[in-house]
Amino acid sequence: METNRKIMTLTATVLLGLLLGACSDTASNSAAPQSETTPATTTETTSPETNSGTGDAPATNESTDTPASTDNESSTSSGTAGSMDNRPESQSFELMATGELKKYPATLKKGSSYSLYVFDGFTFDSSANQLMLTDKPKNTATIEPLPADFNLDELRKQGKAELQKYGEVKEYSGDQLAESPMSQARLLLQVSNEKGTYNYIVWEPEGENGYIFHTMIPESEDAGTIGLQLSTSLSTVKAE
């Protein structure tokens, strides 16, 4: 009898120990929950690529068949009013040259029956109606006033005859001249080759008689800028 009581007591002690151990494990798991890993978030910022180009943007392209134009031919004037049709005596023009906008100062000059703006570094001979680059006088533009009753078809024939000695004559108009200072030309004939660019331009300002511009720009590293300045000056021709 005594032996059976000891066995029962021992069995109860073992069962109690197992029960307490199970409770201890459960309490431990409740007190220390498994940590949750939060995935990292990466924010990628992409900066837009900015393209920048360089190179001349002449009003009338001196290296290709089709005249090119500047991305911006707007002008900013400054100075005091002159006596020639109340135009400022000096004016600054913002032109696209060597891939960037630059300001070029110009002075109002008087021709035989008109005035125009002439950039620094250029010379205007009013007696010969000729505009030229002072240091490179072969870069020229001759201005020829036209009568009120000029015939455009006849001038086209005359222009082709004048330019054909330089090579193949091509005519440009409309969208081909959209951004050029010569965009309003009634006629633009051109020969462009390895020696230079030669233009025959009929220009008729609104409400005025017309002009013929004969230009010659020898091939050079800065031919584009020279051509742009010549064209811009010619676009300012206005009757007195």
- Message: Can you list residues from other chains, or at least 5 along the same chain, whose modelled amide H is less than 5 Å from the amide H of Leu187?
- Response: Val202
- For region 214-219, Karplus couplings with θ = phi - 60° (6.51, -1.76, 1.60), whole Hz, Gly/Pro x: 9, 10, 9, 10, x, 5
- Task: For region 150-226, give the percent of accessible area contributed by carbon and sulfur heavy atoms, probe 1.4 Å, rounded to a whole number.
- Result: 41
- Search the structure for amide H atoms under 5 Å from the amide H of Met182, placed 1.01 Å from N in the peptide plane, and list their residues when 5 or more places away or on another chain. none
- Could you tell me which of the pairs Lys136/Lys165; Lys165/Lys238; Lys103/Lys136; Lys138/Lys170; Lys138/Lys165; Lys170/Lys238 are separated by over 24 angstrom between their Cα atoms in the structure shown? Lys165/Lys238; Lys170/Lys238
- Task: Return the sequence-ordered ³J(HN,Hα) values of region 124-133 in whole Hz as given by the Karplus equation 6.51 cos²θ - 1.76 cosθ + 1.60 applied to θ = phi - 60°, using x for Gly and Pro.
- Result: 10, 9, 5, 5, 9, 6, 10, 10, 8, 6
- Sorted by chain and number, the residues with a modelled amide H under 5 Å from that of Gly210, at a separation of 5 or more or across chains, are Leu146
- Query: Across region 173-184, in residue order, what do the Karplus-derived ³J(HN,Hα) couplings come to in whole Hz, using 6.51 cos²θ - 1.76 cosθ + 1.60 with θ = phi - 60° and x for Gly and Pro?
  - Reply: 7, x, 4, 5, 10, 3, 10, 8, x, 9, 4, 9
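The values are calculated or read from the model by the stated rules, or taken from the named source; none is laboratory data. Everything quoted here is computed from the prediction, not taken from an experiment. Note: areas computed on protein heavy atoms with side chains; ligands, DNA, RNA excluded. Shrake-Rupley method; radii C 1.70, N 1.55, O 1.52, S 1.80 Å.
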